[in-house]
Amino acid sequence: RSWAAGQPLPEGSPEGSSPEEPGGRGGRRLRTAFSAEQISTLESSFQRQQYVGAAERRKLAGRMRLSEVQIKTWFQNRRMKLKRQL
């Protein structure tokens, strides 16, 4: 694939559509690269509470400029990481 080699795909290409866009191919999202500050904020929140409620999730998402789904997924992954470590 041309995108794997760092070459942009032509505009209007079906592979160039993101999964969130109408007409996207339904593939997976790209991995979110969290900044060090975001990770620090998420980790400190996780130390206080391993399960984040809807209100706290909205607050974190707004403050960190991430989606609520990204916050929810981060907490799920972090709980699994803790479970593996124990």
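The values are calculated or read from the model by the stated rules, or taken from the named source; none is laboratory data. On a predicted model such as this, the values are computed, not experimentally measured, just so you know. Don't worry about glycine lacking a Cβ; one is built from the backbone with ideal geometry, like all the others, and counts go over all protein chains shown. In case anyone asks, the SASA skips ligands and DNA or RNA and just uses the protein heavy atoms, side chains included. Shrake-Rupley method; radii C 1.70, N 1.55, O 1.52, S 1.80 Å.
Computed about the Cα centre, the dipole magnitude for region 31-85 is approximately 180 debye when only Lys and Arg (+1) and Asp and Glu (-1) carry charge, each at its Cβ. Spin-label model, residue 44 to residue 85: label points 7 Å out along the Cα-to-beta-carbon direction sit 1.8 nm apart. Within the shell defined by Cβ-Cβ distances under 14 Å, the residues around residue 37 carry a net charge of +1, with Lys and Arg each +1 and Asp and Glu each -1. What whole-number value in Å² describes the accessible area per residue of region 44-86 for a 1.4 Å probe? That works out to 75 Å² per residue. What does the net charge come to around residue 61 if you take all other residues with beta carbon closer than 15 Å to its beta carbon, with K and R at +1 and D and E at -1? Residues close to residue 61 contribute a combined charge of +3.
Across region 46-52, computed HN-Hα scalar couplings (Karplus, 6.51 cos²θ - 1.76 cosθ + 1.60, θ = phi - 60°) run 5, 5, 6, 8, 6, 10, 9 Hz from first to last residue, x flagging Gly and Pro.
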